[in-house]
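Presented below is the structure to which this report refers.
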Amino acid sequence: MALNLQVRVHPVVLFQIVDAYERRNADSHRVIGTLLGNVDKGVVEVINCFCVPHKETVDQVEAELNYAMDVHDLNRRVNSNESIVGWWATGHEVTNHSSVIHEYYARECNNPVHVTLDTSLQGGRMGLKAYVCVSLGVPNGKQGCMFTSIPIDVTCYDPEVFGLQLCQKTLGTGGGRSRNVHPMLDLAQVSEAGTKMGVLLDQVLTYVEDVLAGKIQPNNAVGRALLDLINSVPHMSNEQFSEMFNSNVKDLLMVITLSQLIKTQLQLNEKLTLLTSV
């Protein structure tokens, strides 16, 4: 059933929606578009999207469906694994025209999902919701539909997590923080990851000690998560761990050295080419 669906959205989709909203026409109060992704075992994974121009008034809505079809065909030539899974709109609620737009996407895919992103920041935050359209009515009588909320989460690939961490470094209340950031070197990333790991381990130790001392009530979900975490750690001695870590560090240093040599060789070749051409 459509009510058993779960939506997972990637950050790049949210960035594209916000960008489309910022680039909207002056007389447009809402932006809509198509969601692209795949469906597997009741999970709708949205990995891409694009904006669909439309005009919306109190009485009617007009969308450029030919434009949406052309863009989808062009996208399939590049990403053949991406198919239409629904549509998106900016705003904090479902409007009267949403059912009309949903009928079009119902012809393009089975059980399309409708995702809304609150770009007006109602309640001081950018709300993210997902809906499916459920048919209502009696047999041989008047039929209708109702948008029902379904679970939605934000999921990330590893490169997306790295990009979000870089973006987060540009945030801050003070005006002294730079708005431009650059990716760190590999060794700097290892150092930063080790520092964060130490902070997280201190938080876990503090929680466990407070529970043992009776200062806070134990949480069964947290206990099971900690048990799974401990069981996932391979059992090895300190010497084995040091040997494994040093071996990986040596491999990393070798890759860095080779990349620097290749970079230097390319720069030298470029300068020699310029000298011979003169």
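The residues of the chain expose, per residue, 71 Å² of accessible area to a 1.4 Å probe. Shown are Met197, Met244, Met184, whose ranking by accessible area with a 1.4 Å probe and every protein chain present, most to least, is Met197, Met244, Met184. Averaging 1/r over each pair of different alpha-carbon atoms in the range 6-154 and inverting the result gives 15.8 Å, the Kirkwood hydrodynamic radius. Averaging 1/r over each pair of different alpha-carbon atoms in the chain and inverting the result gives 23.9 Å, the Kirkwood hydrodynamic radius.
The GluC sites (Glu not before Pro) of the range 69-157 that DSSP puts in a loop, and whose beta carbon has at most 16 other beta carbons within 10 Å, are Glu93.
Rg and Dmax, both from the Cα atoms of the range 182-237 and both in Å, are 15.2, 46. To the nearest ten degrees, helix 98-108 and the longest principal axis of the Cα atoms of the chain are 70 degrees apart. For the chain, the carbon plus sulfur part of the accessible surface works out to 56%, probe radius 1.4 Å. Between 0 and 90 degrees, the angle of helix 65-78 with respect to the longest Cα principal axis of the chain falls at about 30 degrees.
Only lysines eight or more places from Lys169 in sequence, or on another chain, were considered; those with a Cα closer than 29 Å are Lys129, Lys196, Lys263. Straightening the chain between Asn269 and Asp40 buys 77.5 nm, computed as 0.36 nm per residue apart minus the Cα-Cα spacing. The figure for Ser98 is an accessible area of roughly 0 square angstrom, using a 1.4 Å probe on the protein chains alone.
Mind ranking 151-157, 8-14 by how tightly packed they are, going by the mean number of other C-beta atoms within 10 angstrom, highest first?
Working: 151-157: 14.0, 8-14: 19.0.
Answer by packing, highest mean first, reads 8-14, 151-157.
The values are calculated or read from the model by the stated rules, or taken from the named source; none is laboratory data. Quantities reported herein were computed from a predicted structural model and do not represent experimental measurements. Note: ideal-geometry Cβ built from the backbone for every residue, glycine included; neighbour counts use all protein chains shown. We work out accessible area using only protein heavy atoms, side chains counted, and drop any ligands, DNA or RNA first. Shrake-Rupley method; radii C 1.70, N 1.55, O 1.52, S 1.80 Å.
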